[in-house]
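**Student:** Below you will find the structure I want to go over with you.
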Amino acid sequence: MALVAQASTIAQFAGVDAYGLIKMIAEAAQTVRRNRATCLQLARRLKMIGDLLKQLHGAQLMQQPETRNPVEQLEETLRRAYLLVRSCQGRSYVYRCFMGGRHADELREVQSEIAFYLQLFPLVSYVDATLNWVRHLNKADPSCKEVQQVQN
């Protein structure tokens with residue numbers, strides 16, 4: 001039964017972008033009972049990240065697979081974070097006592113994964129800027145050999 005509920009929850013946000021997931025996590029964190037401080041801290045940090053990610057979705061950065069992939073992987077981690085925060089809501093006292101420590105460990109792991117993807121963003125930004133520069137030069141002079149070398 002729990003798997004059916006989890007599958008329907010996943011289906012609800014399958015098409016939700018990172019910014020939408022962050023909003024959902026922040027809302028869910030307000031009603032958690034177990035690991036409340038950790039969930040609220042995660043929500044605060046994600047709100048800051050979300051404001052920045054919101055700007056990326058309309059950018060050229062999301063058009064290239066090389067630069068889009070880290071954002072998609074971050075979104076997958078955010079889906080896991082949402083499920084974890086939801087699992088800290090409600091539930092019986094006994095369940096919270098037995099699972100609270102495990103959830104805390106999983107929340108720390110998700111925070112670590114989010115930090116990893118954020119560390120990639122300077123490199124992603126550099127790759128995006130370089131690709132844009134090459135495209136711009138190629139439009140200006142398609143016969144330029146240096147541009148052709150960078151593209152290969």
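Just so it is clear, none of the values below were taken in a lab; they were calculated from the coordinates. Since we're looking at a predicted model, the values are computed, not measured. Because the Cβ atoms are built from the backbone with ideal geometry, glycine has one as well, and the counts that use them run over all protein chains shown.
**Student:** Using θ = phi - 60° and the Karplus relation 6.51 cos²θ - 1.76 cosθ + 1.60, list the HN-Hα couplings for region 68-74 in order, rounded to whole Hz, with x at every Gly or Pro.
**Tutor:** 6, 4, x, 5, 5, 5, 4
**Student:** OK, next. Once you put a point 7 Å from the Cα of Val127 and another 7 Å from the Cα of Met48, both along the Cβ direction, what distance in nm separates them?
**Tutor:** Inter-label distance under the simple model: 2.5 nm.
**Student:** Hey, another quick one. Once both labels are modelled 7 Å past Cα along the beta-carbon direction, what's the Gln63-Gln30 spacing in nm?
**Tutor:** Output for this residue pair reads 3.8 nm.
**Student:** Could you tell me the calculated FRET efficiency between Lys23 and Leu120, based on Cβ-Cβ distance and R0 = 30 angstrom, to the nearest 0.05?
**Tutor:** Result of the calculation: an efficiency of 0.85.
**Student:** Tell me, Lys139, Lys23 in order of fewest to most beta-carbon neighbours within 10 Å?
**Tutor:** The most exposed by this proxy come first: Lys139, Lys23.
**Student:** Same structure again: Starting with the fewest neighbours, write out Val32, Val85 ranked by other beta-carbon atoms found within 10 Å of each beta-carbon.
**Tutor:** Starting with the residue having the fewest Cβ neighbours, the order is Val32, Val85.
**Student:** Just want the ordering: His136, His103, from fewest to most Cβ atoms lying within 10 Å of their own Cβ.
**Tutor:** If I rank by nearby Cβ atoms, fewest first, I get His136, His103.
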